[in-house]
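Notes for the one structure printed next.
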Amino acid sequence: MSDNHQCRQCGTCCRKGGPALHKEDAPLLVEGVLQLQDLCTFRAGELVRDNSNDHVVPLPEEIVKIAAPFGSRPDDWTCRFLTSDNRCFIHEKRPAECKALFCDDPKALLAMHGEDRLDRKSILELLHAPQWLLDSVEAHESRCNYAALIELASHLEEQEAARRALVEVVEYDRAFRELVMEKGKVQKEMLDFLFGRPLMHTVIMFGIDARHNADGSITLVQTTKATLKRQA
Ligand code: SF4
């Protein structure tokens, strides 16, 4: 790499979000450099902004990324391995996307998009997780998948039944996570990997604010309407 292709270690890339994991990152998981509580899943259909046209589009397939520090604000995407002096805490063992990324010339990183990614199932199988955990991921996905949520959200303004159904899914997501923690003794820090980010937080993507009521129930408040563009 020539001098003008040297990373300046400004930390800007690492603040835009941790890397998505690929099959070549599997040894990092097996060796314990990356642990499940360091990861966050963005599920298929989850809405992300396409910067090329400023539309909100559903993710075509799930991706597993290194998460932001636990407890950080929902709009803070900084990789949790970035230190306060802009160093990578796992530099020698950083994931493949981090090795490929050079911000002035992102061709190598762009070439990796959609290629050989690790998903939740492959990671759990790699780590010989118990079958009930794989079954839990599948059960949660079948009830809380984003394809169904997008459909419900598109009818909220005119159909009270759609609003009730959406509240039920958000409540199910919350209860499911609590059940897995209680019965399966799963750490809270692992939930964003197993089930993606809580729907209480992500329904804001549909222009909906989910609010807790004093009695424990949830109210959905329409704020803005998300600009959805379905992918072909
Ligand atoms: S793993 Fe290291 S290089 Fe990669 S985004 Fe995180 S801090 Fe940056």
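The values are calculated or read from the model by the stated rules, or taken from the named source; none is laboratory data. Keep in mind that this is a model prediction, so the values were computed, not measured. All Cβ positions, glycine included, derive from the backbone under ideal geometry; neighbour counts span all protein chains shown.
Data for the structure
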quantity	calculated
Number of positions in the stretch 58-79 that are modelled with pLDDT of 90 or more and assigned to a strand (DSSP E or B)	4
Filtered residues of the stretch 5-33 (kept if more than 18 Å from Pro69 (Cα to Cα) and among the basic types (Lys, Arg))	Arg8, Lys23
Conditions (1) touching a residue at least 12 places away in the same chain (Cβ under 8 Å); (2) more than 28 Å from Asn213 (Cβ to Cβ); number of the one not met by Ile150	(2)
Residue under evaluation Leu152, criteria (1) under 19 Å from the mean Cα position of the chain (by Cα); (2) surrounded by 16 or more Cβ atoms within 10 Å (Cβ to Cβ), criterion not met	(1)
Residues satisfying the stated conditions in the stretch 163-202, i.e. in contact with a strand residue (DSSP E or B) (Cβ under 6 Å, 6 or more places away or on another chain) and either within 20 Å of Ala67 (Cβ to Cβ) or among the polar types (S, T, N, Q) (or both)	Asp192, Phe193, Gly196, Met200
Number of the condition not met by Glu125 [criteria: (1) away from the ligand (no atom under 16 Å from the Cβ); (2) surrounded by 13 or more Cβ atoms within 10 Å (Cβ to Cβ); (3) not in a loop (DSSP other than H, G, I, E, B)]	(2)
The lone exception for Glu157 - which of (1) surrounded by fewer than 12 Cβ atoms within 10 Å (Cβ to Cβ); (2) assigned to a helix (DSSP H, G or I) it fails	(2)
Every pair of residues 6+ apart whose Cβ atoms lie under 6 Å, when the first sits in the stretch 87-99 and is aromatic (Phe, Trp, Tyr) while the second is more than 7 Å from the ligand (Cβ to nearest atom)	Phe89/Thr83
Restricting the stretch 80-94 to residues that are near the ligand (Cβ under 6 Å from one of its atoms) and not in a loop (DSSP other than H, G, I, E, B), the residue that is farthest from Asp38 (Cα to Cα)	Cys88
Qualifying residue in the stretch 4-11 (condition: more than 13 Å from the ligand (Cβ to nearest atom), modelled with pLDDT under 85, more than 22 Å from Leu191 (Cα to Cα) and polar (S, T, N, Q))	yes
Residue that is nearest to the chain's Cα centre (by Cα), among those in the stretch 100-120 that are of a type in the set (Lys, Arg) and surrounded by 14 or more Cβ atoms within 10 Å (Cβ to Cβ)	Arg120
For Ile218: the one exception among (1) farther than 19 Å from Cys40 by Cα; (2) surrounded by fewer than 17 Cβ atoms within 10 Å (Cβ to Cβ); (3) touching an Asp or Glu at 6+ places or on another chain (Cβ under 9 Å)	(2)
Matching residues, the stretch 97-117, being more than 10 Å from the ligand (Cβ to nearest atom) and assigned to a helix (DSSP H, G or I)	Ala100, Lys107, Ala108, Leu109, Leu110, Ala111, Met112
Members of the stretch 153-177 that are among the hydroxyl-bearing types (Ser, Thr, Tyr) and either free of Cβ contacts under 8 Å to residues at least 12 places away in the same chain or out of contact with any Cys (no Cβ under 8 Å at 6 or more places or on another chain) (or both)	Ser154
Every residue from the stretch 18-57 that is modelled with pLDDT under 95, surrounded by fewer than 20 Cβ atoms within 10 Å (Cβ to Cβ) and part of a strand (DSSP E or B)	Val48, Arg49, Asp50, His55, Val56, Val57
Among (1) within 14 Å of the ligand (Cβ to nearest atom); (2) over 18 Å from the mean Cα position of the chain (by Cα) - the single one Lys65 does not satisfy	(2)
